[in-house]
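Novice: Handing you this structure, nothing more for now.
The values are calculated or read from the model by the stated rules, or taken from the named source; none is laboratory data. Quick caveat: nothing in here was measured; it's all calculated off a predicted structure. Every residue, glycine among them, receives a Cβ derived from its backbone with ideal geometry; neighbour counts consider all protein chains shown.
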Amino acid sequence: MITASIMPSSQKEATTLLEKALEKGELAEIRIDLIKDLDLSEINNKFDKKRIIVTNRKKDEGGLFEGSESERISPLIDALKIGFGFIDIESSSIDSLHNLISKRREYNSKTNIIISYHNFEETPQNLKEILLQMENQGHDIVKIVAYAKDISDNLRIKDLVSSRSSQNKKIISFLMGEKGEISRILCNSWGSYTSYAPLRGVGKTALGQIPIEDLNDVYRSGSINNTFDIYGLIGNPVKESIGYYVHNKLFSYYNMDAVYLNFLVDDLDRFMSSFKGQFKGLCVTMPFKERIVPFLNKIDTMAQKIGAINTIKKNNEGLFGTNTDWIGAVYSIEKLTSINNKKVLILGAGGAGKAIAFGIANRQGEVIISNRDEKKALELSKNLGAETVLWEDRNDVEFDILVNATKIGMTPEENNCPMEDSFFTKDLSGITVFDAVYSPLETRLLTRSREQGAKIANGLDMYIGQAMAQFELWTGIKPSSEKMEKFSKEALEMRSRHNEN
Ligand SMILES: NC(=O)c1ccc[n+]([C@@H]2O[C@H](COP(=O)([O-])OP(=O)(O)OC[C@H]3O[C@@H](n4cnc5c(N)ncnc54)[C@H](OP(=O)(O)O)[C@@H]3O)[C@@H](O)[C@H]2O)c1
């Protein structure tokens, strides 16, 4: 069950937002901290009160209510009297809790009382002790919300929730912060009574808060159960990645009981030891593409040559690592032209440059590498048996296919171009230009090359090609390229909307 949480600043806004919240969530939490003209009777008349949680949070518990304690508790007593579904009171306000419990008895109210604990600094080690101290106060549901300092904190919440819900005791628990995001997605499957989510575009969303629209439509959070397979991305940072959208949409499209999560990892050793039993497969991004190697039981030949892993699958032999970036690059270029026997100039010798160079060699292309730092170009060319040209000579090279595997031209430096103006005075018909950058979709290099007659391929095709290979490796299903394209474009649109907010 998902609760849509709102914090209106007036009665009028409350009625507007409650309508949306109850449409998207099974429950709605109304934070009344800021409402000066609150009218709970009107809310009762307009909405299903049983589906509403009333909360009036004080400042030291992360709220905005500014009056006295009796003023704070008064509307909660009204909510009890009217019979709203739930009220929420902090465990630190023990006298108020006892007052509310006696009022509930007095009014013979059926309202559920949630007793809540918040920790904005950390996920304390003594969670079970905190839970025990909150027990037996006469309330109905315990709520524990803490801050995730490390991704492994989520597993302690999982233990807490699973052990309490297995005793048929109601608990709500999840973590704040970007590293706690997975607990908001999975807490229902662990046994939490509900998770909480804001409405998209209403108020500022804090890091780790996932809009209810995404919990429902991207993660299918309400239907995840403990038999779902877990996949995800490990890296730091992870929030710009579009994989969470694309892979979850694919799992949903193919009706698979699987979910894809972003794991923001600081300590790779700790993550691999604590989460090893939890996932079926992973994508790997910076800074772990090379550091992950010692944790794997087997690596395929291409990944060994490239020296970097971007995909892991768990199988009977343990963890298998591979690299699908080269597959993605080859997929993009081969949509336009064959690579066999073609001269390919690759700009860049970083992670993408290496993967693409080995991909081109795998397809019998003739590789020429140019990199700003010449040492890296020489090292890569030695491993490949390829040619190099100095960075300043790149514009004079003759080639059939040009690949940009540098960061030049990437947002926010969209006006930059890895080739000089002189290159764009030539007739480029007969040449294919591929840019690994996918933000923006059409870089300056691609626009100018297209204007001179070149065929062009963008980095989104590379993303699609490598993600298709990942999905097939994990599930055995070769995903539809039309669906991949649709989901990837939607993901990019969504990301740019998020970045604007
Ligand atoms: N489409 C996809 O699926 C996909 C997948 C992976 C990567 N990519 C894209 O590929 C690009 C490279 O990523 P990466 O993972 O290879 O990064 P990386 O390992 O950090 O390598 C960065 C590369 O860019 C070069 N570079 C950066 N700034 C430069 C400048 N001002 N002038 C000249 N060269 C410059 C670096 O040259 P030095 O060695 O001289 O520093 C290096 O070759 C990024 O735009 C990334 O988004 C796309």
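Novice: Where residues in the stretch 445-458 are away from the ligand (no atom under 16 Å from the Cβ) and in contact (Cβ under 8 Å) with a residue 24 or more places away in the chain, which of them is surrounded by the fewest Cβ atoms within 10 Å (Cβ to Cβ)? Please lay out each step first, then the result.
Specialist: Step one: of the stretch 445-458, the residues away from the ligand (no atom under 16 Å from the Cβ) are 447-455.
Add one more test, that the residue is in contact (Cβ under 8 Å) with a residue 24 or more places away in the chain, and what stays is 448-449, 451-455.
Details: Arg448: 18, Ser449: 26, Glu451: 10, Gln452: 15, Gly453: 12, Ala454: 23, Lys455: 18.
The qualifying residue surrounded by the fewest Cβ atoms within 10 Å (Cβ to Cβ) is Glu451.
Novice: Tell me whether the stretch 366-375 contains one or more residues that are in the same structural domain as Lys426 (by TED's automatic domain parsing), more than 37 Å from the chain's Cα centre (by Cα) and away from the ligand (no atom under 14 Å from the Cβ).
Specialist: Within the stretch 366-375, the first condition is being in the same structural domain as Lys426 (by TED's automatic domain parsing), and the residues that meet it are 366-375.
Now restrict to residues that are more than 37 Å from the chain's Cα centre (by Cα): 366.
Cutting the leftovers down to away from the ligand (no atom under 14 Å from the Cβ) gives us 366.
There is at least one residue in the stretch 366-375 that is in the same structural domain as Lys426 (by TED's automatic domain parsing), more than 37 Å from the chain's Cα centre (by Cα) and away from the ligand (no atom under 14 Å from the Cβ).
Conditions (1) surrounded by 15 or more Cβ atoms within 10 Å (Cβ to Cβ); (2) more than 14 Å from the ligand (Cβ to nearest atom); (3) polar (S, T, N, Q); (4) without any contact (Cβ under 8 Å) to a residue 40 or more places away in the chain, marked per residue:
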site: Arg394; (1), (2), (3), (4): yes, no, no, no
site: Ser422; (1), (2), (3), (4): no, yes, yes, yes
site: Val437; (1), (2), (3), (4): yes, no, no, yes
site: Thr443; (1), (2), (3), (4): yes, no, yes, yes
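Novice: Of the conditions (1) within 14 Å of the ligand (Cβ to nearest atom); (2) farther than 30 Å from Arg291 by Cβ, Met410 satisfies every one except a single condition; which number is it?
Specialist: The failed condition is (2).
Novice: Let me ask something else about it. Being free of Cβ contacts under 8 Å to residues at least 40 places away in the same chain, within 30 Å of the chain's Cα centre (by Cα) and surrounded by fewer than 20 Cβ atoms within 10 Å (Cβ to Cβ): is that true of Leu34 here?
Specialist: Spelling it out, it is not the case that Leu34 is free of Cβ contacts under 8 Å to residues at least 40 places away in the same chain, within 30 Å of the chain's Cα centre (by Cα) and surrounded by fewer than 20 Cβ atoms within 10 Å (Cβ to Cβ).
Novice: Can you pull out every residue in the stretch 423-447 that is charged (D, E, K, R) and touching an Asp or Glu at 6+ places or on another chain (Cβ under 9 Å)?
Specialist: Asp435, Glu442, Arg444
Novice: On the basis of being within 23 Å of Gly353 (Cα to Cα), in the same structural domain as Ile477 (by TED's automatic domain parsing) and under 23 Å from the mean Cα position of the chain (by Cα), does Leu268 make the cut?
Specialist: It is false that Leu268 is within 23 Å of Gly353 (Cα to Cα), in the same structural domain as Ile477 (by TED's automatic domain parsing) and under 23 Å from the mean Cα position of the chain (by Cα).
Novice: Ser241 - would you say it is assigned by TED's automatic domain parsing to the domain that holds Ile292, surrounded by fewer than 21 Cβ atoms within 10 Å (Cβ to Cβ) and either among the aromatic types (Phe, Trp, Tyr) or part of a loop (DSSP other than H, G, I, E, B) (or both)? Before the answer, list the steps.
Specialist: Values: assigned by TED's automatic domain parsing to the domain that holds Ile292: yes; surrounded by fewer than 21 Cβ atoms within 10 Å (Cβ to Cβ): yes; either among the aromatic types (Phe, Trp, Tyr) or part of a loop (DSSP other than H, G, I, E, B) (or both): yes.
In short, yes.
Novice: Residue pairs, Cβ under 7 Å, 6 or more apart or interchain, first in the stretch 347-359 and without any contact (Cβ under 8 Å) to a residue 60 or more places away in the chain, second near the ligand (Cβ under 6 Å from one of its atoms) and of a type in the set (D, E, K, R). List them.
Specialist: Pairs that qualify, where the first residue is without any contact (Cβ under 8 Å) to a residue 60 or more places away in the chain and the partner is near the ligand (Cβ under 6 Å from one of its atoms) and of a type in the set (D, E, K, R), are Ala349/Lys376; Ala355/Asp325.
Novice: Within the stretch 334-352, restricting attention to residues that are within 12 Å of the ligand (Cβ to nearest atom) and out of contact with any Leu (no Cβ under 6 Å at 6 or more places or on another chain), which residue is nearest to Gly385 (Cα to Cα)?
Specialist: Taking the candidates together, the pick is Ile346.
Novice: Give the number of residues within the stretch 353-365 that are touching a helix residue (DSSP H, G or I) at 6+ places or on another chain (Cβ under 9 Å) and more than 10 Å from the ligand (Cβ to nearest atom).
Specialist: Here is the first cut: in the stretch 353-365, the ones touching a helix residue (DSSP H, G or I) at 6+ places or on another chain (Cβ under 9 Å) are 353-363, 365.
Then keep just the ones that are more than 10 Å from the ligand (Cβ to nearest atom); that gives 357-363, 365.
Residues meeting the conditions: 8.
Novice: Whether any residue in the stretch 39-59 is in a helix (DSSP H, G or I) and within 23 Å of Ser221 (Cα to Cα) is what I want to check.
Specialist: Checked against the condition, which is being in a helix (DSSP H, G or I) and within 23 Å of Ser221 (Cα to Cα), the stretch 39-59 yields at least one hit.
Novice: So Phe120 passes all but one of these: (1) modelled with pLDDT under 95; (2) of a type in the set (Phe, Trp, Tyr); (3) surrounded by 14 or more Cβ atoms within 10 Å (Cβ to Cβ). Which condition number does it fail?
Specialist: If we test Phe120 against (1) modelled with pLDDT under 95; (2) of a type in the set (Phe, Trp, Tyr); (3) surrounded by 14 or more Cβ atoms within 10 Å (Cβ to Cβ), just (3) comes out false.
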